[in-house]
Amino acid sequence: MSGYRTLHRIKPSKQDGDESSSPPPPIWRVRFSPCRSSAPSSSSSLPSSSPSPLRLLAAGASNTIQCYSLTERTNKDANTDDILDASAMSVECTDCLVSKEYGDCVDDGDGAAFVPSRATLGYAALDIARNYCGADPASGSEIVVASQLGGKVCVWFRLDPMLIEKGMSVATEDEPATTTRENTKYIRPHAEFSIDAATGTTLAIRPPTLGNYYTKKETDIIVALGCANGAVILCKTGILAARPGGGENAGSSSVVIGDSSSSVGESINVLSKSTPGEIVATVGGGHACVMSLAFHPTIPNSFAVGRKDGTIDIYSSADNGGYNDFSFRRMHRLVHSSFPIRALSFSKPDGALLFAGDDGGNLYSYDASCNNEHTHMSAPVKLVACALAAHKGWIMNLTPFPDGRRVATCGSDRSARVWDCGMGLASGTPVHSFEGAHGGLVW
């Protein structure tokens, strides 16, 4: 018995203004937020003493990113390692992230509702980061970055709920969120830009939690975008990154404060002086199309690129003197696959392993642990295990478990599987497999 089971099935609701009988749009990306979630809404049946719920974001062909709050109707903290109780599970859509061009808010007498101005291409890529670089494992505001086909990128900032309880607020000129008749907040982005060369299908946020992430010259959250010509473009988001206090950027008006020591009633500016979308580096052009991206969780300015021809390139920059001093080099090229690499991720929490899944259904595990003591990825990266035919079709996505012991995959064969990172993966036998529970590709 593996102990895995289905706890809850979320059925997406129709968008405002959608009166058709067509099925709901497909979901392409789902992510759990690494940040504390907001408290349950007043309409929830949960007691006021309930712990902070989990926060789940879902993006796809819809023109909104739906945000769900998952909580048990017990006093057990959903963020612990305890097994969640399906019978006590409460799932609530709390807000939707929309672009600046999403539509207008109209009040028809039954409550305000957004009316979409035009159809969109949906959000093909999504990433979430905790905007914090201190010692507190729970503090930090939420950064959400999503891209549409064609390279349009939206960035949303959500203040740490603990700071909101202290009376702190975001000092921006953006219009406030609007509540619809379903008590769902529609939130427009704090920054929005387009990168014409980007495909819009791959992006990754450079981890702001690294203690040595920034120099005095750097202030922005950086996002990496994949391109059809094989390049990876690193650009500024226009959102300030959390930094230790001090220096010319200190002060409540110019720095994002992420811990509980912030002053009561402080107004925080989250916008930098940079132009959103300003390119700071272009890496690895002239190769096969970028299909996947993954930053190393502990080594600054190091990331892996999965390509359409099956190769995996690992790039790193030993310099950290600021945007103008980036000097990325290709440190490794892994050539064990001949199929597109759609799924790619370093293991948590130290990046000791690199997992890759290809369109042949093969799951690869590489040992990158020798690099954990280096400032760049110069040590060997070796293939240690391969689960041939891990899926009967494309591996669409994968995610390592936070404890570093297991990895979950999903594929075009309509299944999701859990693998042991040791001998289980080498033997090609999953710990658990969810078969036939989905009606289409599992992203």
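The values are calculated or read from the model by the stated rules, or taken from the named source; none is laboratory data. Just so it is clear, the structure is predicted and the values come from calculations on it, not from any experiment. Methodologically, a virtual Cβ is constructed for each residue, glycine included, from the backbone with ideal geometry; neighbour enumeration extends over all protein chains shown. Side chains are part of the model used for accessible areas, which takes the heavy atoms of the whole protein and leaves out ligands, DNA and RNA. Shrake-Rupley method; radii C 1.70, N 1.55, O 1.52, S 1.80 Å.
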Original post:
Between residues in the range 281-292 that are on the phi > 0 side of the Ramachandran plot and residues that are open to solvent by 30 Å² or more (accessible area, probe 1.4 Å), which pairs lie under 7 Å by C-beta distance while being six or more apart or on different chains?
Top reply: Gly284/Arg330; Gly286/Asn229
Original post:
Among the residues of the range 253-282 satisfying the criterion of being open to solvent by less than 50 Å² (accessible area, probe 1.4 Å) and among the polar types (S, T, N, Q), which is modelled with the highest pLDDT?
Top reply: Ser274
**OP:** Answer yes or no: is there a residue in the range 300-308 that is at pLDDT 95 or above and open to solvent by 10 Å² or more (accessible area, probe 1.4 Å).
**Re:** yes
Subject >> Long-range neighbours under 7 Å by Cβ, at least six apart or interchain, first residue in contact (Cβ under 8 Å) with a residue 24 or more places away in the chain within the range 401-424, second open to solvent by 20 Å² or more (accessible area, probe 1.4 Å) and aromatic (Phe, Trp, Tyr) >> reply: Val407/Phe401; Cys410/Trp443; Gly411/Trp394; Ser412/Trp394; Ser415/Phe434; Ala416/Phe434; Val418/Tyr4
Subject >> Residue list for the range 139-168, restricted to those being closer than 21 Å to Arg243 by Cβ and in contact with a Phe, Trp or Tyr (Cβ under 9 Å, 6 or more places away or on another chain) >> reply: Ser139, Gly140, Ser141, Glu142, Ile143, Val144, Val145, Val155, Asp160
Original post:
Since Glu165 meets every condition but one in (1) free of Cβ contacts under 8 Å to residues at least 24 places away in the same chain; (2) surrounded by 19 or more Cβ atoms within 10 Å (Cβ to Cβ), which condition does it not meet?
Top reply: (2)
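When you scan the range 283-297, do you find a residue that is out of contact with any strand residue (DSSP E or B) (no Cβ under 7 Å at 6 or more places or on another chain), assigned to a loop (DSSP other than H, G, I, E, B), exposed (fewer than 15 other Cβ atoms within 10 Å of the Cβ) and modelled with pLDDT of 80 or more, even just one? I'd like the intermediate steps shown before the answer.
We begin by selecting, within the range 283-297, every residue out of contact with any strand residue (DSSP E or B) (no Cβ under 7 Å at 6 or more places or on another chain); these are 285-286.
Pick out the ones that are also assigned to a loop (DSSP other than H, G, I, E, B) and you get 285-286.
Filter once more, keeping what is exposed (fewer than 15 other Cβ atoms within 10 Å of the Cβ): 285-286.
Still in the running and modelled with pLDDT of 80 or more: 285-286.
Yes: the range 283-297 contains one or more residues that are out of contact with any strand residue (DSSP E or B) (no Cβ under 7 Å at 6 or more places or on another chain), assigned to a loop (DSSP other than H, G, I, E, B), exposed (fewer than 15 other Cβ atoms within 10 Å of the Cβ) and modelled with pLDDT of 80 or more.
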Original post:
Does Asp174 satisfy being modelled with pLDDT of 90 or more and open to solvent by 30 Å² or more (accessible area, probe 1.4 Å)?
Top reply: no
**OP:** State whether the residues of the range 390-404 include one that is of a type in the set (S, T, N, Q), under 30 Å from Pro25 (Cβ atoms), outside any loop (DSSP other than H, G, I, E, B) and open to solvent by 50 Å² or more (accessible area, probe 1.4 Å).
**Re:** yes
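State which residue is nearest to Ile27 (Cα to Cα) when the search covers only the range 119-139 and only residues that are assigned to a loop (DSSP other than H, G, I, E, B) and among the aliphatic types (A, V, I, L, M). Before you say what the answer is, go through the steps one by one.
Going through the range 119-139, the residues assigned to a loop (DSSP other than H, G, I, E, B) turn out to be 119-124, 132-139.
From the residues that got through so far, the ones that are among the aliphatic types (A, V, I, L, M) too are 119, 121, 124, 135, 138.
Working: Ala119: 16, Leu121: 13, Ala124: 9, Ala135: 35, Ala138: 28 Å.
Only one residue fits best here, namely Ala124.
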